[in-house]
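Note sheet for the following structure.
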Amino acid sequence: MTSAISIQQVHKRFASLQALKGISMEVPQGSFFGLLGPNGAGKSTLISIMAGLARADAGAIRVMGHDVVSAWRQSRHALGVVPQELVYDPFFSVREVLRLQSGYFGRGRENDAWIEELLETLSLSDKADANLQDLSGGMKRRVLIAQALVHRPEVVVLDEPTAGVDVELRQSLWRFARRLHREGHTILLTTHYLEEAESLCDEIAILNHGELVTRDSKQNLLARYPWRTLHISVDRSTFQLPEALVSLLTSADDNCLTFRLHREQDTIGEVLAALQSAGLTVVDLSTEEVGLEEVFLRLTGQSGEGA
Amino acid sequence: MNAGFNARGFYTLFAKEVRRFLKVTVQTVLTPMVTALLYLLVFGQALEAHVEVYAGVSYSAFLVPGLMMMSIIQNTFANSSSSIIQSKMTGNLVFVLLAPISSLEFFAAFVLAAVVRGLLVALAVYAVAILFVDLPLAHPWAIAVFAVIGSATLGALGVIAGIWADKYDQLAGFQNFFILPLSFLSGVFYSIHALPGVWQQISHFNPFFYLIDGFRWGFFGQGDASVALSLSVSLGFLFLLTGLGLYLLLKGYKIRR
């Protein structure tokens, strides 16, 4: 099956900055794909090239099999982009901008029913005739999503969709993104909130300094770091730690001990038994699983321990 | 694969640009009309008894076509340039750039919307002027042709300036140091035959002179240059600016990184 997005050896330079250094990857159809990376990693540049807002110096991108340069009309029909910035046209109402956007994509009044459905779905119906400049930031964000979907694209790019939005709107945007995915859209999400990517995405790519650091399924990425953290509080602050636990200990603060355990090689039971045999009583215990955030930090070299 | 013309996309963008200026008609149509009327009343009254440019044509009558074309020049330029820079500054140009709209469709939509505004402003000035002045219509076809060419030319220049400018200040500079002086020095208020020799020669290098002279020929059947020359130069200038505008759009100059 054709990839929803196929990226081949894409290079892009801005003056002295090499923004993309030969990125290649495939985004499968029907996937919920997370594109992650620190600021300046090249995510927005890659999306801009995909959408025709920027031109690659070398390489090619295809959206649903259509080259974004040689078949730009078809590739733009296949792609809906929700921009990161809250941009809007202050001259028009919500319904007017949706009809305009629909017209740009060659659709006429026959698309009005879909526009009304989008207004309803995104809770914009009662604001349909309001001017864009009179809407709140959250409402403007919903209008941007409706504009991106007005031509019924197969691939939807959500570029930092929840940046700066309140918890309620974030939850509602997550629900809507999941619904789009269920309905068969391929979703490409860029976000700074790693718990967002962990919760929504099934495939992840991480960019750093214009290079693809990794691209894998979320499960495989998480499995690459089979560690979990065990926090234990004991009943006294002066004691001799059993020899078997010394290599597992990552920090000790008064009577609080933190251990790093390998999921397959170390068990919590062994740690507890060793502490008990040393005459210590455990008064509290908690565990932390490695999340995408730690994987991300390690792969982008932002972790104190390095990649 | 990208052949063809996205007719609905073009029409939607064109209609949007027309609706945009119609939403602020006081600023875009009424104000230029009042400005032209003030010029007519002030200059016409002051010079009516002292100046006769063409035999049998009053100075006020001579002035009206010049004021109409000056209004066309200034307003069509403002229409496309201000819309594009505003869209660039606010970021909403992205909605057009994301759509399957070609450089030609983009260019044609902005230029034709400017033509609509130019013709509306010219008609408004005409409608008010004929309340005060008897104005012949010697060659209506020439009036229409030069009005459309003038509107399209300055609409195209506005597209170029809008793409080029990064801030309103640069656009104001373009308007005040290029468009305004060239339109004032193009024979709006006088015949270039009234100028000293060297200034007459310099005026022949001002493309706005040919727009105004050909347009005025349409009213009176006489002008400072032959209508064929005016038409040729005006069309040449339009083609030149159309070529430059399309080239910038195809290259994505300042709008696609």
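Just so it is clear, none of the values below were taken in a lab; they were calculated from the coordinates. These numbers were taken from a predicted model, which means no experiment stands behind them. Positions of Cβ are generated from backbone atoms using ideal geometry, with glycine treated the same way; all protein chains shown enter the neighbour counts.
Points worth noting:
- Peptide B:86-99 - average C-beta neighbours from other chains (10 Å radius): 6
- Separation of alpha-carbon centers, region B:42-85 and region A:245-269, rounded to whole Å: 88 Å
- The stretch between B:W164 and B:A15, if pulled fully straight at 0.36 nm per residue, gains 51.3 nm over its current Cα-Cα span.
- Highest-first arrangement of B:22-34, B:176-188, A:56-68, where packing means the average Cβ count within 10 Å: A:56-68, B:176-188, B:22-34
- Relative contact order, whole percent, for region A:226-289 stands at 51, derived from Cα pairs under 8 Å and 6 or more residues apart.
- 0 to 90° range, to nearest 10: angle between helix B:7-22 axis and chain B longest Cα axis: 50 degrees
- Angle of helix A:94-104 to the longest C-alpha principal axis of chain A, folded into 0 to 90 degrees and rounded to 10: 70°.
- Averaged over the residues of A:83-95, the number of partner chain Cβ atoms lying within 10 Å of the residue Cβ comes to 4.
- Max mean-square fluctuation residue, GNM over chain B, Cα-Cα springs under 10 Å, options B:I202, B:I192, B:I212: B:I202
- Once the C-beta distance of B:R8 and A:Y193 is scaled by a Förster radius of 45 Å, the resulting FRET efficiency is 0.70 to the nearest 0.05.
- From its DSSP helices (H runs of at least four residues, each -39,500 (n - 2.57)), the protein assembly as shown gives a residue-normalised ellipticity at 222 nm of -15500 deg cm²/dmol.
- Radius 14 Å from Cβ of A:I187, net charge of other residues (Lys, Arg +1; Asp, Glu -1): -2
- For residues of A:98-110, the mean tally of beta carbons on other chains within 10 Å: 5
- A dipole drawn for the protein assembly as shown from +1 and -1 charges on Cβ atoms has a positive end, and of A:N131, B:L131, A:V157 the residue lying farthest that way is B:L131.
- Between region A:96-125 and region A:133-164, the Cα center-to-center distance that results, in Å: 13 Å
- Dipole check for chain B: with +1 at the C-beta of Lys and Arg, -1 at the C-beta of Asp and Glu, and the Cα centre as origin, the magnitude is about 1180 Debye.
- Close amide H partners of A:A19, meaning residues 5 or more places away or on another chain with modelled amide H under 5 Å apart, are A:K12, A:R13, A:F14.
- Derived scalar couplings between HN and Hα for region A:137-152 equal x, x, 5, 4, 4, 5, 5, 4, 5, 4, 4, 5, 9, 5, 9, 6 Hz in order, rounded to whole Hz, by the Karplus curve 6.51 cos²θ - 1.76 cosθ + 1.60 (θ = phi - 60°), x for Gly and Pro.
- Axis of helix B:59-90 versus longest Cα principal axis of chain B: the two differ by about 20°, to the nearest ten degrees.
- Assigned charges on the beta-carbon of Lys, Arg, Asp, Glu; the protein assembly as shown dipole about Cα centre (debye): 1680 debye
- Largest first and in whole Å, the equivalent-ellipsoid semi-axes of chain B read 34, 18, 17, each the square root of five times a Cα gyration tensor eigenvalue.
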